[in-house]
Amino acid sequence: MHDPIPFASRARALMPAALALALAACAVGPDHVRPDMPLPARFDAAEGAPAALQATPDANAPFWEAFDDPVLSRLVDEALLANHDLRIALSRYDRANALLRGARFDRFPTVTASATASDGRSSADQLPGVPRDARDAESYEASAVASWELDLFGRVRRSVESQGADAAASAADLEALQVAIIGEVVGGYVDLRGLQARLAVARDNADNQRETLRLVDARLEAGRGTEFDTSRTRAQLESTLARVPALEAAEAVQMHRLAVLTGQAPAALRDVLSEPRPLPALPARFDPGTPGELVRRRPDVRAAEQRLHAATARIGVATADLFPRFTLGGLIGSQAIDSSALFERASETRLVALGIDWSFLDIGRVRARIAAADADAEGELARYQQTVLRALEDTENALVRYARARDEDAHLTQAAADSARAAELARVRFDAGAADLFEVLDAERSRLQAEDALADVRTRSVGGAVGVYRALAGGWPSRLPARETVAGR
């Protein structure tokens, strides 16, 4: 008996119900929950910390601006804009966002349009007894096809969720690389100024030792000295001068590194950086906050959490394969043997179909994929926990190094002042004949060592402050490097 209700009409009647069912369905697989790790209430290195660690600055302020050095600020701005490692990370971020946009389209119907026009002739064997002209045939067809997966079990939603977490992880990776690059720029700049300070110490001591050699030569010419005294004095001067080339080489290497970090040729910053400037001043005070605040602020921790989120969502993608996949399809078009009749009512074609795809006999492979997704998520959980522990370790180490370098700086400041005073007194005693040359040379050697050690520890003190800021990941701008397109695009 012929059904009085056409199939197309019944299918259209079912579509709202199918849509409601799809939207109300639950997504299979576990939901992501931030792992709960036990954290200490405060950093161990901050217990009994000096006043330099006991204030609360604006954690979002660019920390290098506190050094009040325009050259340093310029270098940081150039690195943020032109560093090639940052541009590589930006391309990965853009790629992840593009894939996320593509994944989101899976939630909507896919619509395609096509059209064909053909003019063919069948052979006499295909149509026996039919005249040649009657074997010619023309055909014209135009259609639009829509296909939509009814996401009853959340396969598409979990896929979009996973891609969104991957995109968020790429954004955190970019921010983490900013932390690393700017930390390297500021640290390299501090090292450069420290090397220039040590060069100044070596050259200043060489000048003092030249003056000592001049006095010894004058005593020799006056018959009051010996060749032994002259040779010993000249040997000490040459030893001091020998420090200069190595320090100059290290200075040039730091200039080259800073240039490349800012996206320039190695020698591009020589004129800008060759003029010595004092070391940036140490920050008056800063507060490391709490480990809980650190975990929320560190971009590498956020990236690890987002990768765990993505891996958790992929468990749902794999689990959805245990259930049937429903697809709603439709076609509307026109077909005719004459182009003038292509879009007439009599040439209309249409189709509405509900498809079911269920590989229920392939359950072993599906469960294997679920087990693999579970293993990936367990690995990402361990990676997240390890990242948190390393963040705490980095911060504890940075705080300890900074505090100890400040203590060392205080002692070496006094040692350098005393050594300079001793060298001056030894020279006065030598001129008065109350001391021999050995005392003068020994005092000058001690002065060089103390002043060089002081310049080195002050470099490490400022570098230690940079290390604390880098570990805390505070005060980093959300600026993106410049985008450049491939030639011809």
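The values are calculated or read from the model by the stated rules, or taken from the named source; none is laboratory data. Nothing here was measured: the structure is a model prediction, and the numbers come from that model. Note that we place each Cβ from the backbone using ideal geometry, even for glycine, and neighbour counts take in every protein chain shown. Note: areas computed on protein heavy atoms with side chains; ligands, DNA, RNA excluded. Shrake-Rupley method; radii C 1.70, N 1.55, O 1.52, S 1.80 Å.
Annotations
- Long-range HN-HN contacts of L152 with modeled amide H, under 5 Å: F326
- Surface accessible to a 1.4 Å probe, F228 within the full protein complex, Å²: 130 Å²
- Computed from the C-beta positions of S274 and D68 and an R0 of 22 Å, the FRET efficiency is 0.55 to the nearest 0.05.
- log10 of Debye I(q)/I(0), alpha-carbon scatterers only, for segment 343-416 at 0.19, 0.23 Å⁻¹: -0.93, -1.03
- Karplus-derived 3J(HN,Hα), 6.51/-1.76/1.60, for each residue of segment 429-445, Hz, glycine and proline x: 5, 5, 5, 7, x, 8, 9, 8, 5, 4, 5, 5, 5, 5, 5, 5, 5
- The order of M255, M37 by accessible area, most exposed first and with a 1.4 Å probe, is M37, M255.
- Helix content alone sets the calculated 222 nm mean residue ellipticity of the chain: runs of n ≥ 4 DSSP H residues at -39500 (n - 2.57) each, divided across all residues, give -21500 deg cm²/dmol.
- Mean projection of the Cα convex hull over all viewing directions, computed for segment 193-263: 4.8 nm².
- [x] 27.7; [y] 42.1; [z] 21.3, with the label sought being that of the calculated mean projected area of the Cα convex hull in nm²: [y]
- Working note: Karplus 6.51/-1.76/1.60 with θ = phi - 60° gives segment 342-358 the couplings 4, 10, 6, 4, 5, 8, 5, 10, 7, 7, 10, 9, 10, x, 10, 10, 9 Hz, where Gly and Pro are set to x.
- Using the Cβ of D119 as centre and a radius below 10 Å, the other residues enclosed give a net charge of -1, where K and R count +1 and D and E count -1.
- Gain on full stretching of the segment that runs from V33 to S147 - 0.36 nm per residue minus C-alpha separation: 37.7 nm
- Normalised by 2.2 N^0.38 Å, where N is the number of residues, the alpha-carbon radius of gyration of segment 210-369 equals 2.69.
- Longest segment of the chain lacking GluC sites (Glu not before Pro) that sit in a DSSP loop with at most 15 other Cβ atoms within 10 Å: 48-343
- Rel. contact order, % - alpha carbon contacts under 8 angstrom, at least six apart, the chain: 27 percent
- Rounded to the nearest 20, the Cβ-based charge dipole of the chain about its Cα centre (Lys and Arg +1, Asp and Glu -1) stands at 800 debye.
- Taken along its principal axes, the alpha carbon cloud of segment 257-336 reaches lengths of 82, 49, 18 Å, longest axis first.
- Of A235, G225, Y93, farthest towards positive along the dipole that unit charges on Lys, Arg, Asp, Glu beta carbons give the chain: Y93
- For the chain, the longest principal axis of the Cα atoms and the long axis of helix 299-319 meet at an angle of about 20 degrees.
- Summarising the amide proton neighbourhood of D69: residues at separation of 5 or more, or on other chains, whose placed amide H is nearer than 5 Å comprise an empty set.
- Inter-label distance, A372 to I356: 2.8 nm, where each label sits 7 Å from its Cα along the C-beta direction.
- In sequence order, calculated HN-Hα J values of segment 238-250 (Karplus, 6.51, -1.76, 1.60; Hz; x Gly/Pro): 5, 5, 5, 5, 5, 5, 5, x, 5, 5, 5, 5, 5
- Separation of the D119 and Q335 label points, Cα + 7 Å toward Cβ, nm: 2.2 nm
- Helix 155-221 axis, angle to the chain major axis (alpha carbon atoms, nearest 10°): 20 degrees
- For G225, distant residues with modelled amide H under 5 Å away: L220
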